[in-house]
Every structure is written in structure tokens, then in C-alpha cells.
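Worksheet: one structure, shown below.
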Amino acid sequence: MRVVTAKSAGFCFGVQRAVDEAIRLGEESADRVFTYGPLIHNDSVIRELEGRGIHSIDPDEAENESDVASTIIIRAHGVGKRVYEELDRRFKTVADATCPFVKKIHRIVAEHSAAGETIIITGAADHPEVIGIRGWIEGASYVVSDEAEAEKLNIPLDEHLCIVSQTTYHYNKFQDIVEIIKQKGYNISAYNTICNATEERQTEAARIAGEVDAMLVLGGENSSNSKKLFEICRNLCPNTYFLQDSDDLDLSNLQSCDSIGITAGASTPKYIIEEVYKKCQK
């Protein structure tokens, strides 16, 4: 059996940076260390951090946390301006592990909304990254999750629209949504803020899925970018399976396969990918 693993699978730059910062603070800080919500969307990594004494605080709990002698880490997804100011006021130390690509979006929407433009974000309205982005917008904003919602947009045509994207959104869908909105006659400024790692990961996953008998997509159950990878792969390879780790792999599904592809979301650690690869070879 041939097993092909995507070179782009696993931790992206922003996730690796956030995990490294959390581990460093856990080892060096004399204070208690918290993360503002789960640092990344992967249960295995969260359990590892908890084993190091780094615990997640629910966003609502964090706003009431009174332990001023503690350190809190802003996760890779980022937070809104008001939340950042509140944490800075309440905690002794605030370590900002926001992905630099997400911070770029914060700057874009802050600038354009201050200029009176309406902000359109392609992505999931309930995703922490999108919630954080909206926290830097002064005026009106809308979240568009797909082409159908873009078609239904009903904003006065004299408004100038600024369109950005969740960093892990589907690249082709973003382009389609921009075109739909453009054809409505709006004056728009569109910024493709999908990170390069996401585009590369999606492109490579699609290529592999089109060449194999079965495709395995590894990721946390709450990982938005992993779910998008699954959607892309399933469209090209009907035998596509979503796994959180090697325990979810049912080898009986692969008995008739001569080739298997493996990819993984940006929050999946390397050791999980290696475990699944080894299990497939058996």
C-alpha cells in the first residue's frame, strides 16, 4: 500500500509560535499561567499544556478573574480591542500570541471602518478569530459564510465595502464571494487575508485527494481549517475520513485501497500525523 503524507500537514507558523510561547512561559514564569480560551483547537495539545500547568480560562471567566499575579496568553485566534484592554487591566502580564496574519486583519478593518466603510468578513460568525476581528471594527460589519449569504446581502449601494477573510477560509469560495458582491455594483476594497499556509495546505490536499483511493484528514473536532480540508478532499475523493488521532482510524475502511493520502489541519501536532502514517503502513 502506498501512503502519501502532505508536506504542508501539521502546525502552521502561527500555531507553532503560540504553543512555543505558552511552553516558554510555563517553564519560566513564577506566576500562574492561563490561556484565554483553548490556545488552539486540538484536545491533545490542550491536555499536554494542562500537564505543564497551563490551563485554559473560559472567556467569560477570564473577564472576572481577579488573580492579578498571573499571566494570561491571548491565543493565536486573537481577540477584540475591548477584550485586550480588559485583560491588560486585570492581569499582571498579558502575553499576546495572536498570529501575525490575524493581527494584519485587525489593522485593515480598524483603518477602513474608521474611514466609514462597512466591513464584510468571509468566514464563520461564531469562530474565535472572526469574533476577534469584529472587535476591531468601529462601525457596521457583516459575516458571510458562503455564496448564498453573499447573494442575500442587502446593503445600500452607496456604501463602500471592505472585504476581508478569516485566515483559514476556503480560497476559491473567497474569490467567488468577492465576485458576487462586486457584481451587485458596490464600490469595494477586497483583501485576500487567507494565510499562505492555508492556501498551500488546501492546494496540496486537493492534489493528493485526486490521486489516491482514500484520504485521511486529521484535525480537532472544533478546527475550522481542518473541516475545510475535509470538504475539499471529499469533493475529490469520496473515501475521505475525518480523524482526531490514530484511535479514530478504522483500518477495515482501507482494506481495498492501494493508495492512501494523509493531510492535517494547522492545529495537528506532528506526532499524531506520524502515528496515523505508521498505522496505515501496518
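Have a look at Ile137, Pro38, Ile273 and report the one farthest towards the positive end of the charge dipole of the chain, computed about the Cα centre with Cβ charges (Lys/Arg +1, Asp/Glu -1).
It is Ile273.
Only one of the listed values, [x] 33, 29, 12; [y] 33, 20, 18; [z] 30, 21, 17, was derived from the coordinates as semi-axes √(5λ) of the Cα gyration tensor in Å; which label is it?
This structure yields the entry labelled [x].
At Asp250 and Glu231, where each label point lies 7 Å from the Cα along Cα→Cβ, what is the point-to-point distance in nanometres?
Using points 7 Å along Cα→Cβ, the separation is 2.5 nm.
Can you list the lysines whose alpha carbon is less than 21 Å from that of Lys228, not counting same-chain residues fewer than 8 positions off?
Result set, ordered by chain and number: Lys7, Lys173, Lys270.
For the chain, which whole-number percentage of the solvent-accessible area (1.4 Å probe, protein heavy atoms only) is attributable to carbon and sulfur atoms?
Details: 5950 of 13320 Å².
Heavy-atom surface of the chain belonging to carbon and sulfur, 1.4 Å probe: 45 percent.
What are the residues whose amide H is under 5 Å from the amide H of Ile73, where those residues sit 5 or more places off or on another chain and H is modelled from the backbone?
Residues meeting the amide H criterion: Phe34, Thr35, Tyr36, Ala95.
For the chain, what is the calculated [θ] at 222 nm in deg cm²/dmol (nearest 500), taking -39500 (n - 2.57) for each run of four or more DSSP H residues and dividing by its residue count? Intermediate results must be reported in sequence, preceding the final value.
Numbers: 11 runs with 119 residues, N = 282.
My calculation for the chain gives -12500 deg cm²/dmol from helical runs alone.
Quick one: go through the range 190-225 and flag any residue whose amide nitrogen is under 12 Å from the point 7 Å out along the Cα-to-Cβ line of Ser259.
Inside the label zone: 207-215.
Please give the solvent-accessible surface of Ser256 in Å², to the nearest 10, using a probe radius of 1.4 Å with every protein chain present.
110 Å²
Along the Cα→Cβ direction, 7 angstrom out, place labels at Arg17 and Ile155. What is the inter-label distance in nm?
2.8 nm
Can you work out ³J(HN,Hα) from phi for every residue in the range 264-279, in order, using Karplus 6.51 cos²θ - 1.76 cosθ + 1.60 and θ = phi - 60°, giving whole Hz and x for Gly and Pro?
Once θ is set to phi - 60°, the couplings for the range 264-279 become 8, x, 5, 10, 9, x, 4, 5, 5, 4, 5, 5, 5, 4, 5, 5 Hz.
Projected onto the charge dipole of the chain (+1 at Lys/Arg Cβ, -1 at Asp/Glu Cβ, origin at the Cα centre), which of Gly220, His112, Ser8 gives the Cα projection farthest towards the positive end?
Ser8
Round to the nearest 10 and report in Å² the accessible area of Lys92, as given by a 1.4 Å probe over the protein chains' heavy atoms.
130 Å²
Work out the FRET efficiency for Arg2 and Glu48 from their Cβ-Cβ distance, taking R0 = 25 Å, and round it to the nearest 0.05.
Numbers: r = 32 Å, r/R0 = 1.27.
My answer for the efficiency is 0.20.
Take the alpha carbon atoms of the range 39-59, find their center, do the same for the range 216-282, and report the distance between the two centers in whole angstrom.
That distance is 23 Å.
Work out the length of the dipole vector of the chain about its Cα centre, built from +1 on the beta-carbon of each Lys and Arg and -1 on the beta-carbon of each Asp and Glu, and round it to the nearest 20 debye.
Working: 30 positive and 45 negative charges, 130 e Å.
In debye, rounded to 20, the chain gives about 620.
Ordering Glu221, Glu204 from largest to smallest accessible area (1.4 angstrom probe), what's the sequence? Could you put the intermediate results ahead of the total?
Details: Glu221 100, Glu204 25 Å².
My answer, sorted largest first, is Glu221, Glu204.
Enter the accessible area of Phe230 (Å², nearest 10), with the probe set to 1.4 Å and all protein chains included.
Result for Phe230: roughly 40 Å² accessible.
Pop a pseudo-label 7 angstrom from the Cα along the beta-carbon direction at both Gln281 and Lys103 and give the gap in nm to one decimal.
Placing both labels 7 Å beyond Cα along the Cβ direction yields 4.0 nm.
Just the accessible area per residue of the chain, please: how many Å² with a 1.4 Å probe? All intermediate terms of the calculation are to be shown ahead of the outcome.
Values: 13320 Å² over 282 residues.
That works out to 47 Å² per residue.
The values are calculated or read from the model by the stated rules, or taken from the named source; none is laboratory data. The model shown is predicted, which means the values in this text are computed figures rather than measured ones. Glycine gets a Cβ as well: all are built from the backbone with ideal geometry, and neighbour counts include every protein chain shown. Each accessible area value is taken on the protein alone, full model and side chains, heavy atoms only, with ligands, DNA and RNA left out. Shrake-Rupley method; radii C 1.70, N 1.55, O 1.52, S 1.80 Å.
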